[in-house]
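J.: Starting off with a structure, shown below.
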Amino acid sequence: AQIELGDRWLTPHSFRHTINTIVRNSGHDPAKIRAVLGWMDEEIQDNYTHWEAEHLRRWAEIVDDIWG
């Protein structure tokens, strides 16, 4: 099953990316997220994670504070 969104498709598989990204960007335990979504491996989860710009910006600020 899929839904057409212009030139893109929405499938059940795309929700795995969305849910993982939202919950992981919110700071929840990655191991618990993997357990709920059925992933055994961190590498698989990383492939489903799309970091938001604000999340990356915070990490850049931390690194900048450390290394100045």
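J.: Which of the residues that make up the range 36-68 are in a loop (DSSP other than H, G, I, E, B) and of a type in the set (D, E, K, R)?
T.: Within the range 36-68, Asp41, Glu52 meet the criteria.
J.: For the range 1-35, how many residues are surrounded by 12 or more Cβ atoms within 10 Å (Cβ to Cβ), part of a helix (DSSP H, G or I) and modelled with pLDDT of 80 or more?
T.: 13
The values are calculated or read from the model by the stated rules, or taken from the named source; none is laboratory data. Note that the structure is predicted; figures quoted are calculated from it, not measured. Cβ: placed from backbone, ideal geometry, glycine included. Neighbour counts: every protein chain shown.
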